[in-house]
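The values are calculated or read from the model by the stated rules, or taken from the named source; none is laboratory data. It should be emphasised that the depicted structure is a prediction, and the values quoted were computed from it without experimental measurement. Glycine gets a Cβ as well: all are built from the backbone with ideal geometry, and neighbour counts include every protein chain shown. Protein only, heavy atoms only, side chains kept; ligands, DNA and RNA dropped before computing areas. Shrake-Rupley method; radii C 1.70, N 1.55, O 1.52, S 1.80 Å.
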Amino acid sequence: MRNYLLMLIFLSFSLNGFSKDKRTVELVKNEAERKIDVLFDGKLFTAYIYPENVMKPVLWPVVTTAGTEITRKYPLKKGSGERTDHPHHIGLWLNYGDVNGFDFWNNSEAIPADKKENYGTIFQREIVKTATAKNEGTLTVKAEWVAGGALLLNEETTFTFVNQGNIRIIDRVTKLTANEDVLFKDNKEGMFGMRLTSELELPGASEATLTDAHGNPTEMKAKNERATGDYLSSEGLSGATVWGTRGRWMKLFGRFGDEKVAVTMIDHPENPGYPTYWHARDYGLFAANPLGQKALSGGKDELNFSLKKGESVTFRYRTVVSSNVEMDKKTIDKLADEFAGKK
């Protein structure tokens with residue numbers, strides 16, 4: 001009888017949050033490799049990386065609770081059956097395609113030297129703070145947006161990483177302060193983006209050059225036979241039709257074998273251009289673009305966003321990575337409402 005009661009007490013604690021309190025987040029600095037690993041329960045969830053051959057700091061890879069890497073490996077690591085397009089699509093990032101005429105979005109080490117003058121680079125400058133408490137960790141960093149030999153924007157970003165077991169949350173709050181007058185000209189290439197691996201592409205996407213079994217680009221174009229992905233927007237739209245539409249959130253979901261995975265991006269009502277337009281493609285690019293309104297609306301709307309020297313703007317985004325959890329509209333709306341209440 002006594003053992004039975006003890007078992008009931010243990011189950012009660014487990015069901016009411018005892019196990020949740022045991023979830024951990026660690027932030028591990030590695031200056032030699034220019035990264036900070038984010039560990040959930042002792043295993044890699046993601047890493048804040050700023051290698052010299054990537055033209056902006058990014059979170060890469062992003063890993064589910066089951067250990068599945070959902071971000072594309074290419075071009076940083078070899079993986080089979082991956083598209084070799086857009087080498088600037090790495091992990092989870094924030095930048096833009098036209099800042100005072102300079103392209104930050106498309107910059108990569110693949111750009112020829114004689115074209116580099118048209119592109120901008122975001123340089124990691126300072127790790128301001130790392131902190132962890134129970135199932136949350138925070139990372140604050142400073143960076144500089146540089147182009148044409150000039151500093152255009154100072155960036156301060158705080159990431160909050162939340163370990164809820166099979167639901168993993170990344171909140172990003174980025175404050176940009178103009179070092180000179182700055183114009184974000186309406187442009188399709190932006191702004192808060194993520195590049196996913198083959199399984200989360202939409203079936204039927206166009207043929208492309210894929211990496212072979214050894215991770216090397218092939219010479220022949222082929223269809224991605226691993227694609228299982230689909231989109232669902234807060235407005236009830238699905239499939240490739242979500243591109244160029246507005247909504248407070250967007251979900252991309254699919255399967256890795258028996259594992260059901262969903263990635264949900266959530267906009268914040270205090271962001272410029274809310275609710276954002278979605279630059280969400282069928283080939284694995286998933287992005288919220290609040291500033292490219294003319295480009296994404298077919299000319300219906302337009303937003304040329306500007307800052308005077310010394311002025312600031314803040315962008316806030318939530319990314320939810322779930323594994324074998326039913327992320328229905330009610331669940332996502334609750335997460336979006338919670339995020340909307342955060343400053």
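Only protein atoms count toward the accessible area here, which uses a 1.4 Å probe; on segment 149-301, the carbon and sulfur part of that area reaches 48 percent.
Among the listed options (1) 60, 51, 44; (2) 78, 49, 45; (3) 59, 55, 35, the one matching Cα extents along the principal axes in Å as calculated from these coordinates is (2). For segment 199-274, relative contact order (Cα pairs under 8 Å, six or more residues apart, normalised by length) works out to 25 percent. In this structure the chain gives 45 Å² per residue of accessible area when probed at 1.4 Å with all protein chains present.
Amide H contacts under 5 Å for L153: W145, N179, restricted to partners 5 or more places along the chain or on a different chain, H placed in the peptide plane at 1.01 Å from N. Computed about its Cα centre, the charge dipole of the chain is approximately 840 debye, with only Lys, Arg, Asp and Glu carrying charge at their Cβ. For the residues G299, G193, G81, a GNM of the chain with alpha-carbon springs under 10 Å puts the largest fluctuation on G299.
From most to least packed by mean Cβ count within 10 Å, the peptides 46-54, 98-106 give 98-106, 46-54.
Which pairs, out of K308/K330; K115/K251; K73/K116, put more than 29 Å between their alpha-carbon atoms?
Beyond 29 Å: K308/K330; K115/K251.
For segment 83-130, the fraction of 1.4 Å probe accessible surface lying on carbon and sulfur atoms is 46 percent.
Note down the relative contact order for segment 168-229 as a percent, whole number, built from C-alpha pairs under 8 angstrom at least six residues apart. Intermediate results must be reported in sequence, preceding the final value.
Values: 48 pairs, mean separation 18.6, N = 62.
Taking the mean separation of contacting Cα pairs over the length of segment 168-229, I get 30 percent.
Helical runs assigned H by DSSP (4 residues or longer) give the chain a calculated mean residue ellipticity at 222 nm of -3000 deg cm²/dmol, each run adding -39500 (n - 2.57) before division by the residue total. Candidates L196, N107, A133 compared by Cα position along the dipole of the chain: farthest toward the positive end lies A133, with charges placed on Cβ. Structural descriptor for the chain: relative contact order 16 percent, calculated from alpha carbon pairs under 8 angstrom and at least 6 residues apart.
Relative to the longest principal axis of the Cα atoms of the chain, the long axis of helix 2-15 makes an angle of roughly 20 degrees.
Applying 0.36 nm per residue to the separation of E235 and E180 and subtracting their alpha-carbon distance, the gain on full extension is 16.0 nm. Among H89, H279, H214, the largest mean-square fluctuation in a Gaussian network model of the chain, built with springs joining Cα atoms closer than 10 Å, belongs to H214. Evaluating 6.51 cos²θ - 1.76 cosθ + 1.60 at θ = phi - 60° for every residue in segment 136-146, the Karplus couplings come out as 10, x, 10, 9, 10, 9, 10, 9, 10, 8, 10 Hz, glycine and proline recorded as x.
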